[in-house]
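Input: a single structure, listed below in structure tokens.
The values are calculated or read from the model by the stated rules, or taken from the named source; none is laboratory data. Given the structure is predicted, the values throughout are model-derived calculations rather than measurements. A quick note on method: Cβ atoms are made from the backbone with ideal geometry, for glycine too, and the neighbour counts reach across all protein chains shown. The area values use the complete protein model at the heavy-atom level, side chains included, leaving out ligands, DNA and RNA. Shrake-Rupley method; radii C 1.70, N 1.55, O 1.52, S 1.80 Å.
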Amino acid sequence: MKRKPIIAANWKMHMTPQETDEFLRSFNRLLGSRDVVDVVIAPPFVSLAAAADATRPSENIAIAAQNMSPEPAGAFTGEISARMIKELDCDYVILGHSERRTLFGETDDYIQRKVSAALDARIKPILCVGETLEERDANKLEEVLERQLRAGMKDVNRSRADDLVIAYEPVWAIGTGRTASAEQAQEAHAFIRKVLTELYDAEVAGQICIQYGGSVKPANIAELISQEDVDGALVGGASLEVDSFFGIIKGAEEHVRDTTA
Ligand code: PEP
């Protein structure tokens, strides 16, 4: 089998603590004790504690923050540190999401500092990379992915590299209903794995999970995840309804079962 898939829900600025509790209690009942794929939920900061409470004692759902500061502590009004999210049971943190890059001006260097701070706190970064439509049309896909990866992983040594998850999210497919075709996704994922091989080696690159993100839904997960280098999904809109998020998990599971049968 290739890498164990990770299906992650990025709830963005949706879900109050109470809504988080309600969602996760029904979702948990549906999920039961299955563990063919790893499931990660990334609620807003204020709902992290509710998410941890609602998923405990289940070991099937991990919690992620959607962002964090690279700074350990101090006069940074409105910011949240790695230690703070760790104390709220976060095993993962999404870093470098395209909305953080474009709406909040986060640079590759700034994201790289967050990656290091997360790893130091024993939190696994989900490092998002991906090109805009203009960059794709200008044949800059590989240049952009390589720049984002090399910058984001600059201070990550070989022994820590497999704690990272990479999410390939073509910006033009996020929240637009447009999904990259399975071939486009595979091409980008294979390129990402090639860069990881150059940065580390084939063994490490072969262990790193590369998720696809961009309008993933129950209807397209099977085709995406059947690609050799696609190891799961980072899901926005379709993760906000219990049934559709569960449908994505079931789709991924069926693929894993088919390939291991
Ligand atoms: C995302 O924001 O990470 C994302 C992939 O969103 P959507 O699934 O809505 O395209």
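Pairing each residue of the range 235-247 that is free of Cβ contacts under 8 Å to residues at least 24 places away in the same chain and over 14 Å from Asn28 (Cα atoms) with any residue that is open to solvent by 20 Å² or more (accessible area, probe 1.4 Å) and within 10 Å of the ligand (Cβ to nearest atom), provided the two are 6+ apart or on different chains, yields C-beta distances under 7 Å for Ala238/Lys217.
Out of the range 217-237, which residues are open to solvent by 10 Å² or more (accessible area, probe 1.4 Å) and closer than 24 Å to Leu164 by Cβ? Don't jump to the end; show me each part of the working.
First pass over the range 217-237, keeping only residues open to solvent by 10 Å² or more (accessible area, probe 1.4 Å): 217-220, 222-223, 226-229, 236-237.
Answer for the range 217-237, where residues must be open to solvent by 10 Å² or more (accessible area, probe 1.4 Å) and closer than 24 Å to Leu164 by Cβ: Ser226, Gln227, Glu228, Asp229, Gly236.
List the helices (runs of 4 or more DSSP H) inside the range 124-178, counting only whole elements, that have at least 3 residues being among the acidic types (Asp, Glu) and either on the phi < 0 side of the Ramachandran plot or within 16 Å of the ligand (Cβ to nearest atom) (or both). Spell out the reasoning first.
Numbers: elements: 133-137, 141-152, 158-161.
So the answer is 133-137, 141-152.
Among the residues of the range 179-221, the one identified as within 11 Å of the ligand (Cβ to nearest atom) and under 17 Å from Asn139 (Cα atoms) is Ala180. Filtering the range 197-226 to residues that are assigned to a loop (DSSP other than H, G, I, E, B) and touching a residue at least 40 places away in the same chain (Cβ under 8 Å) leaves Tyr200, Asp201, Ile208, Gly214, Ser215, Asn220, Ser226.
Of these, Ala42, Ala52, which one is in contact with a strand residue (DSSP E or B) (Cβ under 7 Å, 6 or more places away or on another chain) and within 16 Å of the ligand (Cβ to nearest atom)? Give the derivation first.
Values: Ala52 fails: within 16 Å of the ligand (Cβ to nearest atom).
Result: Ala42 is the single residue among Ala42, Ala52 that is in contact with a strand residue (DSSP E or B) (Cβ under 7 Å, 6 or more places away or on another chain) and within 16 Å of the ligand (Cβ to nearest atom).
Filter the range 134-157 down to the residues that are surrounded by fewer than 17 Cβ atoms within 10 Å (Cβ to Cβ) and in contact (Cβ under 8 Å) with a residue 24 or more places away in the chain, then identify the one that is farthest from Lys194 (Cα to Cα). Result: Asp155.
Return yes when Ser244 is within 12 Å of the ligand (Cβ to nearest atom), surrounded by fewer than 24 Cβ atoms within 10 Å (Cβ to Cβ), of a type outside the set (Val, Ile, Thr) and farther than 23 Å from Pro125 by Cβ and no when it is not.
Details: within 12 Å of the ligand (Cβ to nearest atom): yes; surrounded by fewer than 24 Cβ atoms within 10 Å (Cβ to Cβ): yes; of a type outside the set (Val, Ile, Thr): yes; farther than 23 Å from Pro125 by Cβ: yes.
So Ser244 fits the description; yes.
Has the range 227-238 got at least one residue that is in contact with a strand residue (DSSP E or B) (Cβ under 7 Å, 6 or more places away or on another chain), more than 10 Å from the ligand (Cβ to nearest atom), assigned to a helix (DSSP H, G or I) and closer than 23 Å to Phe23 by Cβ?
Pass one, the range 227-238, residues in contact with a strand residue (DSSP E or B) (Cβ under 7 Å, 6 or more places away or on another chain): 229-236.
Add one more test, that the residue is more than 10 Å from the ligand (Cβ to nearest atom), and what stays is 229-232.
This time we only want the ones that are assigned to a helix (DSSP H, G or I), so: none.
No, the conditions are met nowhere in the range 227-238.
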